[in-house]
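Notes follow the structure.
Every number in this text was worked out from the coordinates using simple rules, so none of it is lab data. Keep in mind that this is a model prediction, so the values were computed, not measured. We place every Cβ from the backbone using ideal geometry, glycine too, and count neighbours over all the protein chains shown.
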Amino acid sequence: MASLRERPPYDADERTQLVGWLEMQRAIIRWKCEGLSEADAQRSVLPDSPLMTPAGLVSHMRWVEHCWFEILFLGRPAVGPQFDDGPEDADMMVEGVPLAQLLQEYDRQCAVSNEIIAAHSLDDAGKHPDFRASAATLRWMLLHMIEETARHAGHLDTIRELIDGNKGYY
């Protein structure tokens, strides 16, 4: 699922703008992982955040997409590492999982999210009965996912520069 790192048109409708900004940030996540060795994808460069590796962040973003669009919005069962009884940040614990596999899982999850987004009104609210955040509209969730994805794209930008000096916004 290759997408361009391009901003949406200035005069696009609201949905096109929201999805366009989210797709741009998703593309930056992928771009920041291009050319990384497996060792570097798993390498921790932030002493107080050992799980914040390129591989860990890609996995986290996959599960965040799943949580917001499938669980909170559609009301599907709360399954995934963030809902298990395991340790905090379990979604970032991916030692030994190849980066290519994590990126494929992220791409598949983004495709599922895009199908959900396309099939619903921006004014529709989430449906999960057990989570207060499911009261948010799809519009709110899209705005949140833009923020969440951009924040972690920024983390990846810094991590990538610390790993091998590669930098750049888009």
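Tabulated values for the structure
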quantity	calculated
All positions within the stretch 111-135 that are touching a strand residue (DSSP E or B) at 6+ places or on another chain (Cβ under 7 Å) and not acidic (D, E)	L122, A125, A135
One residue from S121, S113, S59 being farther than 17 Å from H152 by Cα, of a type in the set (S, T, N, Q) and either assigned to a helix (DSSP H, G or I) or touching a Cys at 6+ places or on another chain (Cβ under 6 Å) (or both)	S113
Members of the stretch 7-18 that are in contact (Cβ under 8 Å) with a residue 24 or more places away in the chain and surrounded by fewer than 20 Cβ atoms within 10 Å (Cβ to Cβ)	E14, R15
Single match in H152, H128 (criterion: over 13 Å from the mean Cα position of the chain (by Cα) and either in a helix (DSSP H, G or I) or under 16 Å from G75 (Cβ atoms) (or both))	H128
Matching residues in the stretch 1-47 - criterion: being within 18 Å of D157 (Cβ to Cβ) and acidic (D, E)	E6, E23, E34, D40
Residue list for the stretch 138-157, filter: farther than 17 Å from E65 by Cβ and surrounded by 15 or more Cβ atoms within 10 Å (Cβ to Cβ)	D157
Leading residue by the ranking (farthest from E105 (Cα to Cα)) among those in the stretch 27-54 that are of a type in the set (G, A, S) and not in a helix (DSSP H, G or I)	S49
Residue in the stretch 132-144 that is farther than 28 Å from R7 by Cα, without any contact (Cβ under 8 Å) to a residue 60 or more places away in the chain and assigned to a helix (DSSP H, G or I) present	yes
Candidate set: the stretch 19-45, residues that are β-branched (V, I, T) and surrounded by 18 or more Cβ atoms within 10 Å (Cβ to Cβ); chosen: the one farthest from the chain's Cα centre (by Cα)	V19
Within the stretch 62-86, considering residues that are under 15 Å from the mean Cα position of the chain (by Cα) and part of a loop (DSSP other than H, G, I, E, B), the one nearest to R151 (Cα to Cα)	Q82
